[in-house]
1. Could you please give the count of residues in region 273-287 that are part of a helix (DSSP H, G or I) and within 21 Å of Phe256 (Cα to Cα)?
2. Does region 219-272 hold any residues that are more than 28 Å from Ala206 (Cα to Cα), polar (S, T, N, Q), over 21 Å from the mean Cα position of the chain (by Cα) and not in a helix (DSSP H, G or I), and which are they?
3. Name the single residue that is farthest from Gly259 (Cα to Cα) among those in region 185-196 being modelled with pLDDT of 80 or more and buried (at least 16 other Cβ atoms within 10 Å of the Cβ).
4. For Ala159, only one of the following conditions fails: (1) in a helix (DSSP H, G or I); (2) open to solvent by 10 Å² or more (accessible area, probe 1.4 Å). What is its number?
5. Within region 50-63, can you find the residues that are under 18 Å from the mean Cα position of the chain (by Cα) and either without any contact (Cβ under 8 Å) to a residue 40 or more places away in the chain or open to solvent by less than 10 Å² (accessible area, probe 1.4 Å) (or both)?
6. Kindly check whether there is at least one residue in region 140-151 that is surrounded by 15 or more Cβ atoms within 10 Å (Cβ to Cβ), within 23 Å of Ile36 (Cβ to Cβ) and more than 22 Å from the chain's Cα centre (by Cα).
7. Looking at (1) more than 20 Å from Lys76 (Cα to Cα); (2) polar (S, T, N, Q); (3) surrounded by fewer than 16 Cβ atoms within 10 Å (Cβ to Cβ); (4) at pLDDT 90 or above, which one does Ser131 not meet, given that it meets all the others?
8. Would region 200-210 turn up any residue that is within 30 Å of Leu279 (Cβ to Cβ), modelled with pLDDT of 85 or more and of a type in the set (Asp, Glu)?
Amino acid sequence: MTNTNDIITYSQSPKALGGIYVKDHDHLGIKRKKSIINHTHRDDYYVISIITDGQLVMDCEMEKFTATQNSILIVKPYQIHSIKSISSDFKGYFLGIQEYRIPNEVNDLLYTLPEKQQLLSITSKEMDLLSTTFELMKKHMTINSAHKMQIINGLFSTALYSICSHTTSQHITNQLATSSQPTLITGKFKRLITHQTHLNLPSFFANELNITTAHLNDCVKKTTGQTVTYWLKKSILDEAKRLLYYTNKPVKEIAFTLGFEDHTYFSRMFKKLTYQTPLQFRDTVRV
């Protein structure tokens, strides 16, 4: 594994059309493949890879995913990931989507997908249909017509709902059936928590959602069984684990990056929550 001291966050390409960017993977030459291997980074949008042939191995959030023929690999916004290997016969499509382009109920579904469902396997027939949709979408991106966006939007919706249909049907049913106000508010709150916002007070997130802090905490508590403060602390802990795993930053520097003025307090908190010191955690996960 290649570790650095900085993790870059990429925004969507200017080539994206209305928050949607599609390309095929056939353009990846030897030089391009080498440049993206072990390049650890985040994206501030969804990245969905459709693998029609070959194999793609990716490290995402300290989990290893091996995507083979007829697979769909979903990377959520701000998840740290890096491609470890790409086979010579690898083919497929790449879809980059800004969150605002995804309907709320689908966004809630994708954002709360368990890690084991970020990699999906489908049948050859299902892949043929999905590939056809992606190919049409890719072609319409390059031509000018009076109804270009309407056509792309229709194809995008077809692709998106087709991908979602391959997650566990029970998970979809449960997500949509429980889309009450507390569930929707909790989903929006969790999406607001990033490595750039987790140091804010609960009132910050309540203001962003145009509700009171008490109502936000009630909704989150009812939906998850935990408080807003719990989820903010968890976000800080998760970010600490990412930095320990993906970078070579000293513990002291990581603590300061996370907003701790006293790095010893950070180390004590980390050990209290994980039963390991930061360095013990780093040594364990890098085995």
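1. Our first condition is that a residue be part of a helix (DSSP H, G or I); within region 273-287, this holds for 273-274, 278-285.
This time we only want the ones that are within 21 Å of Phe256 (Cα to Cα), so: 273-274, 278-283.
Qualifying residue count for the region: 8.
2. Asn248, the sole residue that qualifies.
3. Ile185
4. Failed condition: (2).
5. Residues of region 50-63 that are under 18 Å from the mean Cα position of the chain (by Cα), as a first pass: 50-51, 56-63.
Correct list: Ile50, Ile51, Leu56, Val57, Met58, Cys60.
6. There is at least one residue in region 140-151 that is surrounded by 15 or more Cβ atoms within 10 Å (Cβ to Cβ), within 23 Å of Ile36 (Cβ to Cβ) and more than 22 Å from the chain's Cα centre (by Cα).
7. (3)
8. Scanning region 200-210, I find no residue that is within 30 Å of Leu279 (Cβ to Cβ), modelled with pLDDT of 85 or more and of a type in the set (Asp, Glu), so the answer is no.
The values are calculated or read from the model by the stated rules, or taken from the named source; none is laboratory data. From a predicted model like this one, the values you see are computed outputs, not experimental measurements. A quick note on method: Cβ atoms are made from the backbone with ideal geometry, for glycine too, and the neighbour counts reach across all protein chains shown. The accessibility values were calculated without ligands, DNA or RNA, using every heavy atom of the protein model including side chains. Shrake-Rupley method; radii C 1.70, N 1.55, O 1.52, S 1.80 Å.
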